[in-house]
Amino acid sequence: MGNVYRFPGGDLPPDFETKMPDDIDVKYCYRHPDRETGVSCSNCGRPICHECMIPAPVGFRCPECVKEQNARGSRAKVVTRAQTRSRWDAGALGGAGGFSVTKALVAINVAVFLLGLLPALGNWMDQWGALIVFKVLLDHQYWRMFTSMFLHSGILHIVFNMWALWVVGGFMEAVLGRTKFLLLYFIAGFAGSVLVITAAPLGSAVVGASGAIFGAFGALAVHAFLNRGRDFQSRSLLGNVLFLLVINLVFTFTSGGISWQAHIGGLVGGAVTMFAMMLGGRKDPRRPFEQADGLAVAAIVLVLVAITAWKTLTVTVM
C-alpha cells in the first residue's frame, strides 16, 4: 500500500496549478445546454451529460441514437469520421447516390436555356415565363413565380447559377435526401418571387434560379450552425459559407441588374425551411420525411401564399 505524502501545513506547493486552463475546449450537453461535459456520443459525436449517457458496447450513446437503434430493431447507423468527411467533401457527385435531383435541375435549366436561343421560342418563353410583377399582381399569372426560376438572361448568368447549384445542391441533397431538397429548393425560389412582387416596382421583370440557390446556401448555413458543436467540419463549413454569403450579398447590392429581392427572399426562405426541418437542431434532417416535416413545409407555404394574396389585394384596391 502506497504512502501518502503531506506537504508541511497541508498546503500545496506554490507552483501547483489547481485552475482549469483558459484555452480548454469546454463542451455542453446538446440536450442540456447549461451542463458542461467531457463525454460525447460514440455514434453521432454530440456532447452528452451524465443524465444523457447510455452505456454502449463502446463508450456511451445519446438518447436519440438509442431510440433510433430500438426503432429499427438493429444497430444504429454509426457515423464515422470518414463518413462525416465524405458527406461534406462529396459535393454534387456524392451523397444521395443513384438519381440526382441536383443534376436533373441543372439539366432542365440548361435545356431551357438552349431552347431559349431559338429566336421565336426564346421570345415566347420570356413573354410568358419571366416574373413580371404587374402580370402577376394585376393579371393573376402566378405561374411566373415558378417558371422564372428556369429562365436566364445570358450565358454568364446561367453558368454561374448552375455552377453554384451543382456545388451547394450536392451538399444539401446529401444532407436532406431528394424529396426534402426538392421541396426546399422550390420553397426558397417561391419565397424569392414573393419578395420580388412585394418589394420590387410593378414594371420589374426577373428571371433566374438565384433565389432558390441562395435558399440552398441559407439552408447549408443553418445546418452547419446547428451542428457546430458536433463536429469540426461543421464549424469550418459555417465560416466558409458565411464568407461566401457576405461576398455574394455585397455583389448583389453593389451591382446593377440584380434583383436583391429574389436573393434575400430565397435566402430567408431556405434558412427558415431548413430550421423547421431540423426542428431547431433537435432532429437529424437525413431521417425520412415525417408528419412534422409536412406540417412545417405546409405552414411556410401558407405564409408565402398569404403574403402573395395580401399584395395582390392591395394592388387591386389601389
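Rule-based calculations on the coordinates, nothing more; no lab input. From a predicted model like this one, the values you see are computed outputs, not experimental measurements. When we count neighbours, we look across all protein chains shown, and the Cβ atoms used for this are built from the backbone with ideal geometry, even at glycine.
Below, the figures for the structure above:
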item: In Hz, Karplus ³J(HN,Hα) per residue of region 121-133 (6.51, -1.76, 1.60; θ = phi - 60°; x = Gly, Pro); result: 5, x, 5, 5, 5, 5, 5, 10, x, 5, 7, 9, 4
item: Anisotropy class of region 217-318 from Cα gyration tensor, a/c 1.5 cut; result: oblate
item: Around Leu182: net Lys/Arg minus Asp/Glu count, Cβ-Cβ under 13 Å; result: +1
item: Residues with amide H under 5 Å from that of Ile132, placed H, sequence gap 5 or more; result: Val206
item: Residue pairs, from the table Lys283/Lys311; Lys27/Lys283; Lys180/Lys311; Lys67/Lys180; Lys27/Lys67, whose Cα atoms sit over 31 Å apart; result: Lys283/Lys311
item: For peptides 190-198, 280-288, sequence by mean Cβ density within 10 Å, most packed first; result: 190-198, 280-288
item: Karplus-derived HN-Hα couplings along region 293-299 (A = 6.51, B = -1.76, C = 1.60, θ = phi - 60°), whole Hz, x at Gly and Pro; result: 5, x, 5, 5, 5, 4, 5
item: Order by protection proxy (mean Cβ within 10 Å, highest first), peptides 117-124, 26-33; result: 26-33, 117-124
item: Translational diffusion coefficient (Stokes-Einstein; Kirkwood radius from C-alpha pairs) of region 132-247 at 37 °C, 0.692 mPa s, in µm²/s; result: 216 µm²/s
item: Order by protection proxy (mean Cβ within 10 Å, highest first), peptides 219-225, 40-46; result: 219-225, 40-46
item: Estimated dipole of region 82-317 in Debye, rounded to 20 [Cβ of Lys and Arg +1, of Asp and Glu -1, Cα centre]; result: 500 debye
item: Amide H within-cut-off set for Arg61, under 5 Å, with H built and near neighbours excluded; result: Ser42, Ile54, Ala56
item: For region 82-317, projected area of the alpha-carbon convex hull averaged over all directions, nm²; result: 12.9 nm²
